[in-house]
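The values are calculated or read from the model by the stated rules, or taken from the named source; none is laboratory data. Remember, it's a predicted structure, so these values are computed and weren't measured experimentally. Using ideal geometry, Cβ is built from the backbone for each residue, glycine included, and neighbour counts are taken over all protein chains shown. Just so you know, the surface numbers come from the protein's heavy atoms only, side chains and all, with ligands and any DNA or RNA stripped out. Shrake-Rupley method; radii C 1.70, N 1.55, O 1.52, S 1.80 Å.
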Amino acid sequence: MKSSLYSCLNGKEGSQQWPGRMISQEALCLPRDGFAISQDSMEDYWSEVRNITESGPVCQELLLEEHSMDEAELEEAWLQEAGLSTLVSGASGDTPAEALLSTLTRSQAALVQKRLNSYTQTLRRHNRQSARHVRDIFPGSDPAPGQPADSGPQISPGGQLPVKVPPWAPARGEGSGSGCEPVRETLQFEVPYSEGLAAYRREHDCPDCHKTRRDDGALPVFLPPTPKLGLTRVQDLSSEDMKKISYIALIELTTFFDTLGIELKRNRLTRNKARESGIFGVSLATLLENDQKKLPGSKVPLVFKKLLSKLEQTGLQTEGILRVPGSASRVKHLRQELEAKFYEDQFDWEQVRHNDAAGLLKMFIRELPSPLLTQQHLPAFLAVQNIATYRNQIQALHLLIMLLPEANRDTLKALLEFLRKVVAHEEENRMSLWNVSMIVAPNLFISRSKNAKLEEMQGAAGAAHLVRLLITSQDFLWTVPCFLISHLRKLNEASVGKKMLGSEKSKRKLLRRWHIDRNKGEKTELVGLLGEGLIRVHAPLHAKVSMALLLDGETKAKDVMARFDCENGSVSGRGSRSCGKRHRQYLFEVGGNLGERCLDPDTYLLDLYRVNPNCEWIFKPRNS
């Protein structure tokens, strides 16, 4: 079938059928805000849309239903995802809402107050009973309807840097413009992004330096900081701590968007009819549950990893990899064989060509029952393209990555790492960063609902730009900001003070706490003799199972790791050498005001000791 999508690029009239709706070619070519996008620069995007259309509509049972949510439902869903559901339900939760509220910054607390006030007023209009009034949570503050909450110094939407063209729009001419060089700076993690926004605007008065452009060389370079407490990557924290991080990140993201004057929309989280077995159209959670029976500890679906591996083996040097589609009939046949033979280890991977593997990979992403970026957060990802500067776009994406479920986050990370390898071989495969981004964007961002949204089709260049930012900033985006870690520590400390005693579980925790306090008393006596920073590191897999160390201001985690390896490297049996490379060991902080964190080798331990003096120090492999 000859697609009419190219008629848009060639200036012809016509229309293109997208599942459930007719989209005019004029609409497809017309960008927002009246800024002309180069038609040639978007050719790969529309070619990929054509390939998706010709592959047939997504199975009806996988189409996401669009449901309208009234204001009360939206606010209730937000409060629940932010860990504040107890404010509207009255039930007890894993993290007391009062403890979380007590740790918020002034602007974050004002944002929560505004959301809760909106929820309460909406319930009143609908004559529904509210569990608690906003005055019960924030005494002495009940703004009148339509008036903003008192949140101290605020930046009005009018204070946003003026932008006359869409921030994601390609440059009018290569080499033209303000002549600003790509920005290289360290993006600080210590202060919440919403708090640092006003100060940054005052210090930087060259908005053109940060506007996005199509040429890959114009992208700014943001470097991660080197904090004394060490960088923390998402895989370094326990699942329980990452769950709390997501609460804080959602509140901070909403505050950040509110400060920028951008509405943070969300979709209703729906339960879609999905398959319980097989490969395609199966949720990530179900796939991983099945995969872990075969390979315990799997973080990314095995078939997804195999497709990426196949492409790396045969396609990185192939011209047009990802761009040139495989045979539709072959891809359909291979899909059926994968469904029947993959888990039986009978599938012949030698028959899969690189173009077929690329088609299967993109098909896998498109047919997930819920989008890889999640149904509820997809509008927030798309809203990032409306932010004026690179710096703020990356900050928003950073917080959104923290909100993704673990399976989605790990799978997205695997995809982006592969895409970076494709771009690194551009000289051989002729796939630039912009080409790769345009081809991947339709598979991640175009809605698979029965009513495809026109604005999503018009935002084609913006969606491609978001993929470009995800690829280039991926190492940075998968680190947890220091201000979120600091907030998590305060939250854990506040939660301990809020918990009620009485249950057997509480009694056991109290007894354990007593032992910790007693040991702390003994430790204090030693500290008085030897000085601050005396720790004991436990190494259960080593012959020498523990070691007392006196820290100084220059002691790093890697120094302790090297000392254990040196003293135990020649020991057989339980020694570190018997663990092998597959079980490389790291230093962890466990307990105190954090659940568990694998330490960056460059962490200064005395500084960490002062922040979390009651933690245990354990030398062990990851996920042991």
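A few points about this structure:
- Qualifying residue in the stretch 491-501 (condition: outside any loop (DSSP other than H, G, I, E, B), more than 23 Å from V611 (Cβ to Cβ) and at pLDDT 55 or above): no
- Candidates T255, T286, T259 - the one that is open to solvent by less than 30 Å² (accessible area, probe 1.4 Å), assigned to a helix (DSSP H, G or I) and out of contact with any helix residue (DSSP H, G or I) (no Cβ under 6 Å at 6 or more places or on another chain): T286
- Hey, A358 open to solvent by less than 10 Å² (accessible area, probe 1.4 Å), assigned to a helix (DSSP H, G or I) and in the same structural domain as W434 (by the TED database) or not: yes
- Test set (1) within 26 Å of the chain's Cα centre (by Cα); (2) surrounded by fewer than 18 Cβ atoms within 10 Å (Cβ to Cβ); (3) not in a helix (DSSP H, G or I) - F280 fails condition number: (2)
- Residue match in the stretch 43-59 (condition: under 26 Å from the mean Cα position of the chain (by Cα), crowded, with 16+ Cβ neighbours inside 10 Å, modelled with pLDDT of 70 or more and assigned to a loop (DSSP other than H, G, I, E, B)): no
- Within the set L403, L397, L419, L415, the sole residue that is touching a His at 6+ places or on another chain (Cβ under 9 Å) and modelled with pLDDT of 95 or more turns out to be L403.
- When residues of the stretch 314-330 are limited to those that are without any contact (Cβ under 8 Å) to a residue 40 or more places away in the chain and outside any loop (DSSP other than H, G, I, E, B), the one surrounded by the most Cβ atoms within 10 Å (Cβ to Cβ): R330
- Conditions (1) over 25 Å from W78 (Cα atoms); (2) touching a strand residue (DSSP E or B) at 6+ places or on another chain (Cβ under 8 Å); (3) at pLDDT 95 or above; number of the one not met by L302: (2)
- Among the residues of the stretch 294-313, the one identified as of a type in the set (S, T, Y) and in a loop (DSSP other than H, G, I, E, B) is S298.
- Which listed residue, of S102, S89, S38, is open to solvent by 20 Å² or more (accessible area, probe 1.4 Å), at pLDDT 80 or above and hydroxyl-bearing (S, T, Y): S102
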